[in-house]
Structure formats: C-alpha cells, structure tokens
Amino acid sequence: MRRVLAVAAGLAVAGLIATQAEATPIGSFTTVDKLTFSLSDDGLASDIFAESPTALNDTRQFTVSLDTSAYTGSNTDMLRTLALKLSSGIDAFQQTSAPSGFTAQTGGLNNNGCDGAGGGFFCTQSSTGVLLNGSTYAWTFLVDPTGAFTEKDIKAQWFNAAGDKLGQLSTEFGGPVINPTGGGGGDTVPEPTTLLLLSSGLAGVLGAKRRRSAA
C-alpha cells in the first residue's frame, strides 16, 4: 500500500507539472520555400506593466519557433528579421530569449528591417541572422497588451549570403484566437519553489503514514 501511495503521489506531481507547464499551440504557417513558423501561448507570466488604477495581471508569454528542416533554399541563407502583432496595442513587452545577436524593439518592419512603427507590433532583428540550414530556432516574449490578445500577425525577412532579400512574409497564423487576458492565474506556469513545496508536502504525508504503520 505504501508503495502504491508513493507511486500515486509521484504521478500526481508529474501530472501537475506536465499539465500546467504545457504551452498552447496557436497556429503555424509554412512558406512556399518550406520555412515553418509556429506560435504558442505559454500562459500567464509575472506582470511587466502595472495598469492603473487597478492592477491587472494580463502579461502572457509567447514563443515563436522557426523550423528550417524542409527549407528548399541554400543552407547559407539566413533569417534576419521577425515581427509579431498579438494585440491592437501593447503597454510593454520583453524579449526573454532569442538566438544570439537578436535585439528587439517596438514597431513592425518594412523593406529595410525593423522600422519602429505600427501599432501593436514588436520586432526583433540581427545583422547576421540565423542560418536556414535545417536547424530549429525559438524566440520568447513577454507581452502586456493594452486591451486583449486578439491578433495573430507575423512578418519576417530572409536573405542570401550576399545580403539580397529572398523572401518577406506578412500573414496571420491559423488556429484559434489567442487566450483572452485575465486577472487570475489559473493557467500560469507554477514557480519551481511551489512545485518543491508541493512535492515536499506529499513526501511528508507519506512519511507520517509509514511512521504510524511502524508504531
């Protein structure tokens, strides 16, 4: 019985981690030359902008991934610029992870890269970019919207080794509308300390049962 309880407790903790840390796919798009862009909603995150007069926890984390495994161009081609619009306006955003060399700013992009214009857009770019050589890349952002997350727009540019632009993407991800904003934390990814406390508590309960059985 004790072994069954221990196994059940372990599975419960593992299930909690898997359920709450799982990202929600929003959509994907594949270009004619077989670059696949995917967008996921990673859940509520710590607020990066304090709305007034009431505190509204509406910051969410999003990840854009680029799969180049089926790319039909040269493996020396590179993607340099990527822009997203997830809301009609944003109060704040942060790029929390990206391939080396990518820096982010508000605004969309034009033929020359990030242009600092375009309501709701934010843009990340690199002078060297990432090679379209079969690898997969990911960019992660925290976004605090002015209203709700109702947009799913993506723009991107990729170039050959000589710096000539090969493609410019401007489209909308397929799939469902992004999860609406909210003041609760029902789908937020749990902090590691919370998970540690939960697992420690379960271990303590099981230990107490063993001690009582031994007595």
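Quick look at the numbers
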{"read-out": "FRET efficiency, Thr31 to Ala92 (Cβ-Cβ, R0 22 Å, nearest 0.05)", "value": "0.15"}
{"read-out": "Förster-model FRET efficiency, 30 Å R0, Ser170 and Leu56, C-beta, rounded to 0.05", "value": "0.45"}
{"read-out": "Additional length obtainable on full extension of the chain from Asp153 to Ala23, 0.36 nm per residue less Cα span", "value": "44.9 nm"}
{"read-out": "Members of Lys85/Lys152; Lys34/Lys152; Lys85/Lys165 lying beyond 18 Å, as alpha-carbon distances in this model show", "value": "Lys34/Lys152; Lys85/Lys165"}
{"read-out": "Mean separation of Cα contacts under 8 Å (6+ apart) over length of region 74-153, as relative contact order %", "value": "47 percent"}
{"read-out": "Note, ³J(HN,Hα) from phi for region 90-98, Karplus 6.51, -1.76, 1.60, rounded to Hz, x at Gly and Pro", "value": "10, 7, 6, 8, 9, 8, 9, 7, 6"}
{"read-out": "Region 26-117, accessible surface, carbon-and-sulfur percent (1.4 angstrom probe)", "value": "46 percent"}
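The values are calculated or read from the model by the stated rules, or taken from the named source; none is laboratory data. Treat the numbers as computed from the prediction; the structure is a model and nothing was measured. For neighbour counting, all protein chains shown are included, and Cβ atoms are generated from backbone atoms with ideal geometry for every residue, glycine included. What goes into the accessible areas is simple: the full protein's heavy atoms, side chains included, and nothing from ligands, DNA or RNA. Shrake-Rupley method; radii C 1.70, N 1.55, O 1.52, S 1.80 Å.
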